[in-house]
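Asks: Dropping a structure here in structure tokens format, bear with me for questions.
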Amino acid sequence: MNPASTPDSPDSGGASHQKHVMTAEERAEYERLRRHAAVRHRRVRRAGSSVLLLLALLLAPLAVVAAWVQDTVSDTDRYVETVAPLASEPPVQEVVINRLTDRVVANVDVKAVTDSLTKALQDAGAPPRVVEGAESLEGPLRNAVRTVVDRTVTRVITSDAFQQVWEGANRRSHAAVVNMLTGEREGALRAEGDTVQLDVGAVVDEVRERLVDAGFDKAAAIPDTDRTITLFQTEELGKAQDTMRLLDILGTWLPVLTVVLAALAVWTAPAHRVMLMITATGVGVMMVVLLVALAVVRRVYLDSVPPTTLPTDAAAAIYDTFVRFLRDSTRTLLVVAVVTALVAYLYGPGRPARAVRTAAVRGTTAAGRDLRRAGVRTGSTGRWLADHRAWTTGGVIAAGALALVLWNHPSVGAVALVLGIAVAVLIVLAVLAAAAGPAAGHEDRAAAP
């Protein structure tokens, strides 16, 4: 009896309904429609994943910058760690020393001293040559005062005490970065119109106290005004402040959104491994673009600072100090992207990937065989590792990724460390799996003869 024409059971009311048998033409049409639907479905998935990938790549540099701004502003220790090296940068120290020395010398009226000396000599009836010599003492006396003041200021600025004062002042005025972004007139770092200025009032107080203690009573007259150093001036400061405030708001969620978009791009793609490799490569390219942008901004910043306002080497030291953690984060993400793309490629069907996997399997198998010959067998544990190799490998990779996520500000060295540990663990697991002896039933059958 043809199963396709089997009559219905009597319970169906006795009606004899035969199932339709597709002809060859109908089956061919059905297969064609099914392939067309599958192709259309794959196209939709590919288009959706491409859109998600494009959004993730466009947001990646912005997410890195936003996270850096939010981290620097909200974490006091991170902020102090950012600005602390400025106190030990020789170009910055030289600027502060010269500015403070000029202000102290300007408050010492050397001409009044020489005039007073000349008058005293004239009143005492000194010879004209002596009086003329007293009048010519203004230049040497001013140079002597400047030398002593410069030596004293240099001793203060280059001492550990200044480093402590600097860090303490910045820790107490951690809101300075926020003030620069919002334009408020408080803290050590502030925005004044279209300029960003650094308040060195605490340093001025320290130097003034040291000079008074050294016998320069005139140093007590150093005014409390004009105690700022202009870092840079730009007409776009208002727009930059608006942008930074937006980045600060999005600093927490923008990185999360970027990661979610990238994960959805990989998940919706028909070929997950290929899309993972493309995504990692794209993120790496965007990190290179961000590094290039930082270099371009550095050049523009240095060109916008007049040498009379701030020497070029000091301006470069200030910029490099402020963005060094952003550079470090960008380089770390670049390394992570390269490693991810390489791992995704090694899991693929390419000839180099197969060669690497074959070499790894041969090496671990040989090591496991040597362990068995030495009497070390992993037994059921090794067999379980061999049967669940995909799960154990995925677990190790996931653990490594989680370690980097939980790592506080991971660096390139941290990525290399986690990668080395993960590779070592995978090698050990593969060797343990290869060192497993045969199953118990196989041992019994082998011993029976």
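The values are calculated or read from the model by the stated rules, or taken from the named source; none is laboratory data. All of these numbers come straight from a predicted model, not from anything done at the bench. For neighbour counting, all protein chains shown are included, and Cβ atoms are generated from backbone atoms with ideal geometry for every residue, glycine included. Protein only, heavy atoms only, side chains kept; ligands, DNA and RNA dropped before computing areas. Shrake-Rupley method; radii C 1.70, N 1.55, O 1.52, S 1.80 Å.
Asks: If Asp320 satisfies every condition in (1) more than 17 Å from the chain's Cα centre (by Cα); (2) open to solvent by less than 50 Å² (accessible area, probe 1.4 Å); (3) charged (D, E, K, R) but one, which is the exception?
Replies: The one condition Asp320 does not meet is (1).
Asks: Considering only the stretch 264-319, state which residues are of a type in the set (A, V, I, L, M, F, W, C) and in contact with a Gly (Cβ under 9 Å, 6 or more places away or on another chain).
Replies: Result: Leu264, Ala265, Ala269, Val274, Met277.
Asks: Suppose the filter is modelled with pLDDT of 90 or more, open to solvent by 50 Å² or more (accessible area, probe 1.4 Å) and part of a helix (DSSP H, G or I); does Val283 pass it? Give the steps one after another, and end with the answer.
Replies: On the way: modelled with pLDDT of 90 or more: yes; open to solvent by 50 Å² or more (accessible area, probe 1.4 Å): no; part of a helix (DSSP H, G or I): yes.
So Val283 does not fit the description; no.
Asks: Limited to the stretch 344-355, what total is found for residues that are in a helix (DSSP H, G or I) and within 34 Å of the chain's Cα centre (by Cα)? Don't jump to the end; show me each part of the working.
Replies: Initially, the stretch 344-355 is screened for residues in a helix (DSSP H, G or I), giving 344-346, 351-355.
Then drop every residue that is not within 34 Å of the chain's Cα centre (by Cα), which leaves 344-346, 352-353.
Of the residues in that region, 5 qualify.
Asks: What is the number of the single condition among (1) open to solvent by 60 Å² or more (accessible area, probe 1.4 Å); (2) modelled with pLDDT of 80 or more that Leu33 does not meet?
Replies: (2)
Asks: Which of the residues belonging to the stretch 361-401 are hydroxyl-bearing (Ser, Thr, Tyr) and under 39 Å from the mean Cα position of the chain (by Cα)?
Replies: Residues satisfying the conditions are Thr364, Thr392, Thr393.
Asks: Among the candidates Leu310, Leu326, which residue alone is touching a residue at least 40 places away in the same chain (Cβ under 8 Å), open to solvent by less than 30 Å² (accessible area, probe 1.4 Å) and assigned to a loop (DSSP other than H, G, I, E, B)? Break it down stepwise before answering.
Replies: Values: Leu326 fails: assigned to a loop (DSSP other than H, G, I, E, B).
Checking each option against the conditions leaves just Leu310.
Asks: Just to be sure I understand, how many residues within the stretch 248-280 are more than 21 Å from Val44 (Cβ to Cβ), under 20 Å from the mean Cα position of the chain (by Cα) and open to solvent by 30 Å² or more (accessible area, probe 1.4 Å)? Let's see the steps before the verdict.
Replies: Start the filter on the stretch 248-280 by keeping residues that are more than 21 Å from Val44 (Cβ to Cβ), which leaves 248-259, 277, 280.
Narrowing the set further to residues that are under 20 Å from the mean Cα position of the chain (by Cα) leaves 248-259, 280.
Narrowing further to those that are open to solvent by 30 Å² or more (accessible area, probe 1.4 Å): 248-250, 252-253, 255-257, 259.
Summing the residues that are more than 21 Å from Val44 (Cβ to Cβ), under 20 Å from the mean Cα position of the chain (by Cα) and open to solvent by 30 Å² or more (accessible area, probe 1.4 Å) in the stretch 248-280 gives 9.
Asks: With the structure loaded, tell me whether Ala295 is part of a helix (DSSP H, G or I), closer than 21 Å to Thr393 by Cβ and either of a type in the set (Gly, Ala, Ser) or touching a Leu at 6+ places or on another chain (Cβ under 9 Å) (or both) or whether it fails that test.
Replies: no
Every residue, every condition in (1) under 30 Å from Thr268 (Cα atoms); (2) modelled with pLDDT of 85 or more; (3) among the polar types (S, T, N, Q), yes or no:
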{"position": "Leu53", "(1), (2), (3)": "yes, yes, no"}
{"position": "Ala63", "(1), (2), (3)": "yes, yes, no"}
{"position": "Asp71", "(1), (2), (3)": "no, no, no"}
{"position": "Asp75", "(1), (2), (3)": "no, no, no"}
{"position": "Thr82", "(1), (2), (3)": "no, no, yes"}
{"position": "Ala87", "(1), (2), (3)": "no, no, no"}
{"position": "Gln93", "(1), (2), (3)": "no, no, yes"}
{"position": "Arg99", "(1), (2), (3)": "no, no, no"}
{"position": "Asp102", "(1), (2), (3)": "no, no, no"}
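Asks: Would you say Val260 is assigned to a helix (DSSP H, G or I), more than 22 Å from Val343 (Cβ to Cβ) and without any contact (Cβ under 8 Å) to a residue 40 or more places away in the chain?
Replies: Against the criterion (assigned to a helix (DSSP H, G or I), more than 22 Å from Val343 (Cβ to Cβ) and without any contact (Cβ under 8 Å) to a residue 40 or more places away in the chain), Val260 does not qualify.
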